[in-house]
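To keep things clear, I will list the structure first and then write my remarks on it.
The values are calculated or read from the model by the stated rules, or taken from the named source; none is laboratory data. Just so it is clear, the structure is predicted and the values come from calculations on it, not from any experiment. Because the Cβ atoms are built from the backbone with ideal geometry, glycine has one as well, and the counts that use them run over all protein chains shown.
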C-alpha cells in the first residue's frame, strides 16, 4: 500500500510540474539569449494600431527578457527565446523595423533622429521611429534586440523572429542587395591604389531640374550639427540640405562606415596630369560665371574654377581627386609636339596618326609626295583657349593644321622645279618657319621648326626616282673624289707615321751615337790638351837640350879653336875632320887603302881616265893645302865629279866656319901650345 502511495505522489508531482511549464508560469532564459514576450490574454483587448502592444494589450510586448528565471501568470504569456545579435569586428549590421511611423513620400530609409536606440522598442516607437530599413547602422558589438520589432541583417545571417513565410523572401532579397553593394564592410580606400570614391546617395530630396551632380554640403567640421563626416551620418547630411543622386564631393584615402542602402560608392582612378602636360577642366556643374576670355575672343567663355564651363586656369602636373562625372579633364601637352605628315610614322603624342604626305605639283610638272615634320608648342597658359576653340588638340591638328600646312607647301611646290625643291630644302625650311609662325600664333600655337623630307614618287611614277638616281650618282662621284683626296692625305700621314715610328725605333741608336759623339769630342779635347801638354813638355825639353847643346857647343868651339890654333889654322882643322870622316867611310865600305891602280899623270894607263879619281884629287888638295902650295890642275885634267866633291867640301868648310861661335872676348895672346918633345911651346 505504501509503495503505491509514493508512486501516485510522484506522478502527481510530475503532472503538476508539467502543467506549470505548460502554463508558462516559470521560464528560464539563458544569458546568451533573450526572451520575446507574447501576451495571449489581456483585459485591455488586442492592439488597435501598429504591431507592438505598447499599453499592455494582447500581442508582442516591447520589452525583452534577459538571462535568468522569470514567473508569469499561467497560460497568459508565450515566451520566444532568440539569440543575442552580434556584429563582428570590421563589419556593419543593417536594421529593418517592422513597426513604426510610415515613411514619407521622399524617403527611401527610415529616419531615426531621436529614436536611435534599437534596444528599447518602446522608446523607439514613442519618439516617432519609422518602419522599414533604417538609416542608422549597427557597428561592432553584441545587442539584446527585440527581433519581433527589428530585423537585423548581418554578413553571416539574418536575425529575426519569423512570423510568416513571405517575410523570408523579403529579408533575403534585402541581404543580397546589401552584399552586392559590399555593404557589410566599410569603404576602404588605400593610398597605393590612387583611387577616389564617387558617392551616389539614394535618399533625400531630388535634384533640381537641369542639375546632374548634387553640390557639396555639410563639409565644415566646425559646424557639427551639419557635418556628416563624408556621408557616414545620413541624418546630418540631409539636415545640411543634401540631395539624392551622384555627389560632387568624393572620398579619398581612408575607411568609411557608410550605409550602403543610403549611399553607394564607385571607385575611379585619380586624375593624373603627367609632367609635360596640363589638364584643361570642362566643368558640367556649378553656377554660371563671368566670361574671362576677353572681348576679342569670340570662340567661347572661360570661367573661374568651380564654375560651369571651361576653367581659365588649367591643372598643373600632379594627382587630383577629380570627379569625372562632374567634369572632364582634357590633357594638353606643353612639351614640343612633333607632327609628321607621313603615313608610316607618327609622333610620340599620336596626334598625327591620320596625316599623310603632301602631294605637290612642281614647276616642271612633276608630282612628288613631300613628307613633312612640324614642331609646335602650346603655352600652358593658353591651353584653355585652344580647348575652348577646338575641343581637343587632335581635332586642331586634323581640321586646321593639316589643310593649312598642305596648302602652304602646295604653293611652294608650284614655284620651284623638282631639282630646286631638293637642292633648296634648307632655304625653303627657313622661309616656311618664318612665314608660318604668324599663322600658328593665330591659333594660340608657337611654331618651333619646319622640317622637310625628301620628295618621293607617288604611285608608279618612276621619273622622280630616275632624277634622284642621277643626283645620287653625281654625289657619289663627288664623294669618291673627296674620298680619294682624303685617302691621299691619309697615305701621306701614314708615311709620316711610319717615319716617326722608324725614328722612334732608332731613337736608341741615335741617342747612343750622340752620346758616342759627345764622348769622342770629349776624348779629342782631352787628347788635344794632352798634346798641348806634351808639346809644352817637348818644348821645355828642347829648350833644355838646346841650352845644353849650346853649352856643349860653346865648349867644343873653344876646344876646336884651340885645336885649330894648334894645327896652324882653320884649313888644317877642316882637313883633319875630312880625313877622319874619309877614313871612317873607307873603313865601313871596305875600300882598299893602297890602290891597286897606280895614279898616273896621263890620261892612259890601266884603263883609267886622264882626269884621275876623287881620292887622288882629294889627296892632292890636302897636300897642297898642307904644303902651302897650289896644285896646278889644268882644265883638261878636271873631272866633273871631283869638282863637285871639291865644291861640297868647300861649302861644308864654310858652313862649319859660320857655325863656330864667336869668342866672347878678344884673344890678345895666342893660346899656349902643349910642350913638344924638345920642351918648346908652339906658336
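Answer with yes or no whether residue 437 is closer than 30 Å to residue 335 by Cβ, assigned by TED's automatic domain parsing to the domain that holds residue 342 and in contact (Cβ under 8 Å) with a residue 40 or more places away in the chain. Talk me through it step by step, then tell me what you get.
On the way: closer than 30 Å to residue 335 by Cβ: yes; assigned by TED's automatic domain parsing to the domain that holds residue 342: yes; in contact (Cβ under 8 Å) with a residue 40 or more places away in the chain: no.
So residue 437 does not fit the description; no.
Every residue, every condition in (1) on the phi > 0 side of the Ramachandran plot; (2) modelled with pLDDT of 80 or more, yes or no:
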residue: 17; (1), (2): no, no
residue: 21; (1), (2): no, no
residue: 24; (1), (2): yes, no
residue: 27; (1), (2): no, yes
residue: 33; (1), (2): no, yes
residue: 37; (1), (2): no, yes
residue: 42; (1), (2): no, no
residue: 49; (1), (2): no, no
residue: 55; (1), (2): no, yes
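Which numbered condition in (1) over 52 Å from the mean Cα position of the chain (by Cα); (2) loosely packed, with under 13 Cβ neighbours inside 10 Å; (3) under 27 Å from residue 193 (Cα atoms) is the only one that residue 269 fails?
(1)
Can you give me the number of residues within region 341-371 that are over 30 Å from residue 300 (Cβ atoms) and under 32 Å from the mean Cα position of the chain (by Cα)?
3
Could you run through region 293-305 and say how many residues are surrounded by 13 or more Cβ atoms within 10 Å (Cβ to Cβ) and either in a strand (DSSP E or B) or out of contact with any helix residue (DSSP H, G or I) (no Cβ under 9 Å at 6 or more places or on another chain) (or both)?
3
Taking residue 431 as the residue in question, decide whether it is surrounded by fewer than 20 Cβ atoms within 10 Å (Cβ to Cβ), modelled with pLDDT of 90 or more and farther than 30 Å from residue 302 by Cα. Give the derivation first.
On the way: surrounded by fewer than 20 Cβ atoms within 10 Å (Cβ to Cβ): yes; modelled with pLDDT of 90 or more: yes; farther than 30 Å from residue 302 by Cα: yes.
The answer is yes for residue 431.
What's the number of the only condition in (1) under 30 Å from residue 250 (Cβ atoms); (2) touching a strand residue (DSSP E or B) at 6+ places or on another chain (Cβ under 9 Å); (3) loosely packed, with under 14 Cβ neighbours inside 10 Å that residue 175 fails to meet?
Of everything listed in (1) under 30 Å from residue 250 (Cβ atoms); (2) touching a strand residue (DSSP E or B) at 6+ places or on another chain (Cβ under 9 Å); (3) loosely packed, with under 14 Cβ neighbours inside 10 Å, residue 175 misses just condition (3).
Looking at (1) surrounded by fewer than 20 Cβ atoms within 10 Å (Cβ to Cβ); (2) touching a helix residue (DSSP H, G or I) at 6+ places or on another chain (Cβ under 9 Å), which one does residue 396 not meet, given that it meets all the others?
It is condition (1) that residue 396 fails.
Return the pairs, sorted by first residue and then second, in which the second residue is surrounded by fewer than 17 Cβ atoms within 10 Å (Cβ to Cβ) and in a loop (DSSP other than H, G, I, E, B), the first residue lies in region 129-148 and is at positive phi, the beta carbons are less than 8 Å apart, and the residues are 6+ apart or on different chains.
Listed pairs, sorted by first residue: 132/103.
Condition test on residue 517, is it in a helix (DSSP H, G or I) and out of contact with any helix residue (DSSP H, G or I) (no Cβ under 9 Å at 6 or more places or on another chain)?
In short, yes.
Quick test of your reading of the structure: residue 280 fulfils all but one of (1) buried (at least 21 other Cβ atoms within 10 Å of the Cβ); (2) in a loop (DSSP other than H, G, I, E, B). Name the failing condition by number.
The failed condition is (2).
Residues checked against (1) without any contact (Cβ under 8 Å) to a residue 60 or more places away in the chain; (2) under 23 Å from residue 178 (Cβ atoms):
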{"residue": "205", "(1), (2)": "no, no"}
{"residue": "222", "(1), (2)": "yes, no"}
{"residue": "248", "(1), (2)": "no, no"}
{"residue": "254", "(1), (2)": "no, yes"}
{"residue": "298", "(1), (2)": "yes, no"}
{"residue": "304", "(1), (2)": "yes, no"}
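From (1) over 23 Å from residue 154 (Cβ atoms); (2) crowded, with 21+ Cβ neighbours inside 10 Å; (3) touching a strand residue (DSSP E or B) at 6+ places or on another chain (Cβ under 8 Å), pick out the condition that doesn't hold for residue 218.
With respect to (1) over 23 Å from residue 154 (Cβ atoms); (2) crowded, with 21+ Cβ neighbours inside 10 Å; (3) touching a strand residue (DSSP E or B) at 6+ places or on another chain (Cβ under 8 Å), residue 218 is out only on (3).
Scan 246, 260 and give me the residue that is assigned to a strand (DSSP E or B), surrounded by 15 or more Cβ atoms within 10 Å (Cβ to Cβ) and either in contact with a helix residue (DSSP H, G or I) (Cβ under 8 Å, 6 or more places away or on another chain) or on the phi < 0 side of the Ramachandran plot (or both).
Numbers: 260 fails: assigned to a strand (DSSP E or B).
One residue alone meets the criteria, 246.
Hey, can you tell me all the residues within region 55-78 that are crowded, with 17+ Cβ neighbours inside 10 Å and touching a residue at least 40 places away in the same chain (Cβ under 8 Å)?
Applying the first criterion (crowded, with 17+ Cβ neighbours inside 10 Å) to region 55-78 yields 57-62, 64-65, 70, 72, 77.
Within region 55-78, 60, 62, 64, 70, 72, 77 meet the criteria.
Sort out for me the strands (runs of 3 or more DSSP E) sitting completely within region 132-195 that have 1 or more residues that are within 21 Å of residue 118 (Cβ to Cβ).
In region 132-195, 132-138, 141-143, 150-153 are the strands (runs of 3 or more DSSP E) which contain 1 or more residues that are within 21 Å of residue 118 (Cβ to Cβ).
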